[in-house]
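All remarks here apply to the structure that follows.
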Amino acid sequence: MYRISIIGAGNVATQFAIAFQKAGHQVVCICNRNLEKAEQLCRIVGRYKGKAICTSDYNAIPQSDIVFICVADSAIEGVAANICTPSDSTVYVHTSGATKMDVFQANPAIKRYGVFYPLMTLSKNKNLDIKMVPFLLEASDKSGEEMLSTLVKSLKAEYNICTSQKRLQMHTAAVFTTNFVNYMLTLAYDISNPDFTFLLPSAIEAVRKAFLQTPMSAQTGPALRKDMKTLENHMQLLQEKGFTEHLEIYRTLSEHIIKRYS
């Protein structure tokens with residue numbers, strides 16, 4: 001069992017606090033500059049038999065085995081530079097996919113540090129099965145790596161040990177599979193409205209086939225077939241409907257598909 005403190009009170013902080021407490025660890029402190037939000041998360045921890053204290057002062061964090069910095073990427077460096085570790089044994093970790101581990105090196109008070117990155121978008125308002133979340137881990141020393149690995153295993157989740165560069169690579173790939181896919185779904189929603197839900201079976205099947213096979217082998221559609229007549233019909237419809245943005249994306253992606261599969 002680890003004594004865990006969390007800096008932050010947003011989506012990741014909330015899901016982690018619940019998951020750690022349910023896994024048998026002790027969440028001892030929630031630290032957040034907005035004390036009211038820290039108090040709210042402490043009350044949530046209390047629902048899972050926890051007794052976390054809340055504070056807005058980094059230096060008031062009690063003795064902890066691991067301190068999680070669950071803040072926006074742009075705030076990690078500032079937080080790391082202004083905290084004092086209660087002991088040389090404490091491991092400080094951030095949860096970002098795009099921030100290097102060496103961000104901690106600017107603070108000589110922090111002797112041990114690492115990264116505990118969930119490769120999934122987390123929301124505090126949605127029930128989450130933490131076992132479904134893959135984690136990418138990195139640590140400044142072997143014992144820290146073992147601590148983070150043990151923590152993931154207690155959550156019964158999958159993980160990989162990787163470098164900051166590999167984690168950035170995976171984070172970039174995830175933007176394509178989540179953020180960009182959602183943008184494409186937004187365009188599809190505009191075109192198909194009010195019948196967007198009819199696209200659900202085909203969308204699920206496309207993703208399923210891509211992961212069971214490979215995206216390259218699962219590719220279908222008029223661009224793959226070089227069916228120029230159908231492509232022209234689609235683009236004409238988009239133009240007639242005034243979907244300028246959609247037309248631009250359709251044309252660009254079709255051109256890239258034709259080029260890749262030529």
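Residues being under 19 Å from Tyr189 (Cβ atoms) and not hydroxyl-bearing (Ser, Thr, Tyr): count how many of those fall in the range 240-262.
Number satisfying all stated conditions: 10.
Which residues, taken from the range 187-226, are surrounded by 12 or more Cβ atoms within 10 Å (Cβ to Cβ) and among the hydroxyl-bearing types (Ser, Thr, Tyr)?
If the condition is that a residue be surrounded by 12 or more Cβ atoms within 10 Å (Cβ to Cβ) and among the hydroxyl-bearing types (Ser, Thr, Tyr), then Tyr189, Ser192 are the ones that fit.
Which ones in the range 54-79 are in contact with a Leu (Cβ under 9 Å, 6 or more places away or on another chain) and under 18 Å from Thr99 (Cβ atoms)?
If the condition is that a residue be in contact with a Leu (Cβ under 9 Å, 6 or more places away or on another chain) and under 18 Å from Thr99 (Cβ atoms), then Ile66 is the only one that fits.
Kindly check whether there is at least one residue in the range 136-146 that is over 19 Å from Ala17 (Cβ atoms), aliphatic (A, V, I, L, M) and open to solvent by 60 Å² or more (accessible area, probe 1.4 Å).
Taking every residue of the range 136-146 in turn, none turns out to be over 19 Å from Ala17 (Cβ atoms), aliphatic (A, V, I, L, M) and open to solvent by 60 Å² or more (accessible area, probe 1.4 Å).
Determine if the range 240-249 includes at least one residue that is at pLDDT 95 or above, open to solvent by 40 Å² or more (accessible area, probe 1.4 Å) and at positive phi.
Within the range 240-249, one or more residues are at pLDDT 95 or above, open to solvent by 40 Å² or more (accessible area, probe 1.4 Å) and at positive phi.
Please count how many residues of the range 106-132 are crowded, with 20+ Cβ neighbours inside 10 Å, of a type in the set (A, V, I, L, M, F, W, C) and either modelled with pLDDT of 95 or more or in a strand (DSSP E or B) (or both).
Residues meeting the conditions: 3.
Regarding Val152, is this residue closer than 15 Å to Ala13 by Cβ, surrounded by 13 or more Cβ atoms within 10 Å (Cβ to Cβ) and among the hydrophobic types (A, V, I, L, M, F, W, C)?
no
Could you check the range 13-105 for strands (runs of 3 or more DSSP E) lying wholly inside it with 3 or more residues that are buried (at least 22 other Cβ atoms within 10 Å of the Cβ), modelled with pLDDT of 95 or more and under 20 Å from the mean Cα position of the chain (by Cα)?
66-69, 91-94
The values are calculated or read from the model by the stated rules, or taken from the named source; none is laboratory data. Bear in mind the structure is a predicted one, so any value in this text is a computation, not a measurement. Virtual Cβ from ideal backbone geometry, glycine too; neighbours counted across all protein chains shown. Heads up: the accessible areas ignore ligands, DNA and RNA and are worked out on the full protein's heavy atoms, side chains in. Shrake-Rupley method; radii C 1.70, N 1.55, O 1.52, S 1.80 Å.
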